[in-house]
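Participant: Right, I'll just put the structure down here and ask away after.
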Amino acid sequence: MATQIFVNLPCKDLPRSKAFFESLGYSFNPDFTDDNAASMVVTDGIYVMLLTEPFFAGFTKKPVADAHKTTEAIVCLSLDSREAVDEIVAKAVAGGAKTPNAPQDHGFMYGHGFEDLDGHLWEFVHMSGMPPKAE
């Protein structure tokens, strides 16, 4: 069986978060979506579970982080081109996201990202080659 990844993120307003990610081109699996959770399909093996904060809190004994104040994780996804990176960040900003950092161009890798409506950090990268070897 192939390994799949399910990133679980708390959301203050699930319908608003769903609409935001739909505006970026993502779809949701209706079989795993209800009033408490939405299963966002990234690829056949990568899913993001957007969970209402009370539902999310039921999976942990720790306090739920306020991602506007602390960084709990950075979700990083690869894309096919630099243009695709710029396009998704532009769509996110148009939908209400913030860009905490400028684009980064390392020659072999180009990246940019945004902070979503709940403060979660998303990075998108295009890798055009391997980094130079250390001597």
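The values are calculated or read from the model by the stated rules, or taken from the named source; none is laboratory data. Everything quoted here is computed from the prediction, not taken from an experiment. All Cβ positions, even for glycine, are placed from backbone atoms using ideal geometry, and neighbour counts span all protein chains on display.
Participant: Can you tell me which condition residue 62 does not meet? The list is (1) over 21 Å from residue 97 (Cβ atoms); (2) at pLDDT 95 or above; (3) of a type in the set (Lys, Arg), and all the others hold.
Facilitator: Against the list (1) over 21 Å from residue 97 (Cβ atoms); (2) at pLDDT 95 or above; (3) of a type in the set (Lys, Arg), residue 62 comes up short only on (2).
Participant: Can you find a residue in the range 116-128 that is assigned to a helix (DSSP H, G or I) and either buried (at least 17 other Cβ atoms within 10 Å of the Cβ) or among the hydroxyl-bearing types (Ser, Thr, Tyr) (or both)?
Facilitator: Looking for residues that are assigned to a helix (DSSP H, G or I) and either buried (at least 17 other Cβ atoms within 10 Å of the Cβ) or among the hydroxyl-bearing types (Ser, Thr, Tyr) (or both), one finds none in the range 116-128, hence no.
Participant: Select, from 72, 53, 87, the only residue that is surrounded by 14 or more Cβ atoms within 10 Å (Cβ to Cβ), of a type in the set (D, E, K, R) and over 27 Å from residue 128 (Cβ atoms). Spell out how you get there, then give the answer.
Facilitator: Working: 72 fails: surrounded by 14 or more Cβ atoms within 10 Å (Cβ to Cβ); 87 fails: over 27 Å from residue 128 (Cβ atoms).
Being surrounded by 14 or more Cβ atoms within 10 Å (Cβ to Cβ), of a type in the set (D, E, K, R) and over 27 Å from residue 128 (Cβ atoms) holds for just one of 72, 53, 87, which is 53.
Participant: Keeping to the range 5-37, report how many residues are in contact (Cβ under 8 Å) with a residue 40 or more places away in the chain, in contact with a strand residue (DSSP E or B) (Cβ under 7 Å, 6 or more places away or on another chain) and exposed (fewer than 14 other Cβ atoms within 10 Å of the Cβ).
Facilitator: Residues that pass the stated criteria total 2.
Participant: For residue 52, indicate whether it is at pLDDT below 95 and of a type outside the set (A, V, I, L, M, F, W, C).
Facilitator: Spelling it out, it is not the case that residue 52 is at pLDDT below 95 and of a type outside the set (A, V, I, L, M, F, W, C).
Participant: Within the range 47-70, is there a residue that is touching a strand residue (DSSP E or B) at 6+ places or on another chain (Cβ under 9 Å), outside the structural domain of residue 123 (by TED's automatic domain parsing) and polar (S, T, N, Q)?
Facilitator: For the range 47-70, residues touching a strand residue (DSSP E or B) at 6+ places or on another chain (Cβ under 9 Å), outside the structural domain of residue 123 (by TED's automatic domain parsing) and polar (S, T, N, Q): present.
Participant: Which condition does residue 123 not pass, out of (1) in contact (Cβ under 8 Å) with a residue 24 or more places away in the chain; (2) touching a Phe, Trp or Tyr at 6+ places or on another chain (Cβ under 7 Å); (3) more than 16 Å from residue 40 (Cβ to Cβ), if it passes all the others?
Facilitator: Only one criterion is unmet by residue 123, namely (2).
Participant: Let me ask something additional. Return yes or no: is residue 51 touching a Pro at 6+ places or on another chain (Cβ under 7 Å) and in contact (Cβ under 8 Å) with a residue 24 or more places away in the chain? Steps first, please.
Facilitator: Numbers: touching a Pro at 6+ places or on another chain (Cβ under 7 Å): yes; in contact (Cβ under 8 Å) with a residue 24 or more places away in the chain: yes.
For residue 51, the condition - touching a Pro at 6+ places or on another chain (Cβ under 7 Å) and in contact (Cβ under 8 Å) with a residue 24 or more places away in the chain - is met.
Participant: Does at least one position in the range 99-112 carry a residue that is of a type in the set (A, V, I, L, M, F, W, C), closer than 30 Å to residue 32 by Cβ and outside the structural domain of residue 22 (by TED's automatic domain parsing)? Full working, then the answer.
Facilitator: Just the residues of the range 99-112 that are of a type in the set (A, V, I, L, M, F, W, C), to begin with: 102, 108-109.
Of the ones still in play, those that are also closer than 30 Å to residue 32 by Cβ are none.
There is no residue in the range 99-112 that is of a type in the set (A, V, I, L, M, F, W, C), closer than 30 Å to residue 32 by Cβ and outside the structural domain of residue 22 (by TED's automatic domain parsing).
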